[in-house]
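The values are calculated or read from the model by the stated rules, or taken from the named source; none is laboratory data. This is a predicted model, so every value here is computed, not measured. Positions of Cβ are generated from backbone atoms using ideal geometry, with glycine treated the same way; all protein chains shown enter the neighbour counts.
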Amino acid sequence: MHSWMSCTSEHGWRRGATWALFLLTTLFGPACTEQSADPDEMEEEGVVASVQALSTTNGLALNGLALNGLALNGVSLNGLALNGLALNGVSLNGTTFVGKTSSGKPMKPADFLGATFTGTLSNGQTITLRIDDRVPTTRPDVFLYEISYLSSTNQNQWKSLCGETSSGVPRRAIPLAGVWDYSQKMPTSGMHLPSETSFTFACRPYAIAKCVELGYKPWSNVKECATPSTCKEIPGVLLHQACTRMLRADYCGDGVPHTQDGTPVDVWDEFGIQEAATTDFAFEAEWTPTGARCIEHTRWHGDTSGSVASYVNKQCPSRWASAQPMYDCGGPNSTLHTAKGFVIPPIARSLIGNESALPSD
């Protein structure tokens, strides 16, 4: 059994002695705060400042972008401009843009304020995006960006890419290399797709951004050692993908979520990112980059018709723990732990575990 999430002002989101409720949504300041009557109001008051930064209601999408019903399928790293002048060799180092001016002068991170990008919509059309602000978080390598898009070329009107809180504050985004497949029931649904030329603005507080704030950073690999002299790296992108599957209860790994807003869960791993403690929850599932490795129970209490269980029974019945009597789901002999998991390829291994309340609780 494991603990609720809390945060500290020095290290960002971590387990601590004072537990704070983490309300899982269906997707993606200096101190923790108590539950607010309107978490949406305080989401942007502090940057990764409170549990509420990860607890607002936000639907079933991986990312929160809906531009007149169209998805943003990637932003180009080529063709960036600042004050009408093209920028050269732009890339992402974690969440920090790196590049040079047209004259060859290296740019500082703050120099990218005002830079414009070209994004591609799901219908093939393009859209112009602009960086309006950049702020740090309690994680030194994670920065949040305020992004706007040109909504009316004729009137030069710009709108917040990620929308606004109920108080009118623009929601921020985390830039991440590569793109995601937002489709369902396709071979790559819900997956991160690497790209040298495109990146994603992951809007808070949706799953892609949430998992970064939880510590599962796709650009940062994690070292695991079976013995002091026998070590390997777990790719950060696989940890992050396992996290997005978990947040959305994407049990079958087909991009179809099976949860509802406001459902509390406990999340943990064996890599020191989210550490184990104690709750009254029951073990729910182990998570791989391709969905649940084993499922003890489903999460959605509002599913009184049993539709989630029926879906799993139809699409991926072998993932029920009961269908794997020789596997210790959530136990000490599962591949969640180094002793059993070290020899398993990371793409097929359980990387994250979670607990949630049983329907009768």
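For segment 195-226, what are the residues that are among the basic types (Lys, Arg) and either in a loop (DSSP other than H, G, I, E, B) or at pLDDT 95 or above (or both)?
Passing the criteria: Arg204, Lys217, Lys223.
If you go through segment 202-223 one residue at a time, do you hit one that is of a type in the set (A, V, I, L, M), within 19 Å of Pro345 (Cα to Cα) and surrounded by fewer than 17 Cβ atoms within 10 Å (Cβ to Cβ)?
Going through segment 202-223, the residues of a type in the set (A, V, I, L, M) turn out to be 202, 207-209, 212, 214, 222.
Subset that is within 19 Å of Pro345 (Cα to Cα): 222.
Still in the running and surrounded by fewer than 17 Cβ atoms within 10 Å (Cβ to Cβ): none.
Looking through segment 202-223, none of the residues is of a type in the set (A, V, I, L, M), within 19 Å of Pro345 (Cα to Cα) and surrounded by fewer than 17 Cβ atoms within 10 Å (Cβ to Cβ).
Within segment 130-139, identify whether any single residue is crowded, with 16+ Cβ neighbours inside 10 Å and polar (S, T, N, Q), and answer yes or no.
Yes: one or more hits.
If you take the residues in segment 94-128 that are at pLDDT below 95 and within 22 Å of the chain's Cα centre (by Cα), which one is surrounded by the fewest Cβ atoms within 10 Å (Cβ to Cβ)?
Among residues in segment 94-128 that are at pLDDT below 95 and within 22 Å of the chain's Cα centre (by Cα), the one surrounded by the fewest Cβ atoms within 10 Å (Cβ to Cβ) is Ser122.
Among the numbered criteria (1) buried (at least 21 other Cβ atoms within 10 Å of the Cβ); (2) in contact with a strand residue (DSSP E or B) (Cβ under 8 Å, 6 or more places away or on another chain); (3) not aromatic (Phe, Trp, Tyr), which single criterion is violated by Ala357?
So Ala357 meets the others, but not (1).
So, Ser229, is that one polar (S, T, N, Q) and either at pLDDT 95 or above or crowded, with 24+ Cβ neighbours inside 10 Å (or both) or not?
yes
Out of all the residues in segment 274-287, which are modelled with pLDDT of 95 or more and either under 20 Å from Gly94 (Cβ atoms) or of a type in the set (A, V, I, L, M) (or both)?
Across segment 274-287, the qualifying residue is only Ala285.
State which residue is modelled with the highest pLDDT when the search covers only segment 240-269 and only residues that are over 21 Å from Ser318 (Cα atoms), within 16 Å of the chain's Cα centre (by Cα) and not in a helix (DSSP H, G or I).
Asp269
If I ask for residues that are within 20 Å of Cys243 (Cβ to Cβ), modelled with pLDDT of 95 or more and polar (S, T, N, Q), which ones from segment 288-346 would you list?
Across segment 288-346, the qualifying residues are Thr288, Thr290, Ser334, Thr335, Thr338.
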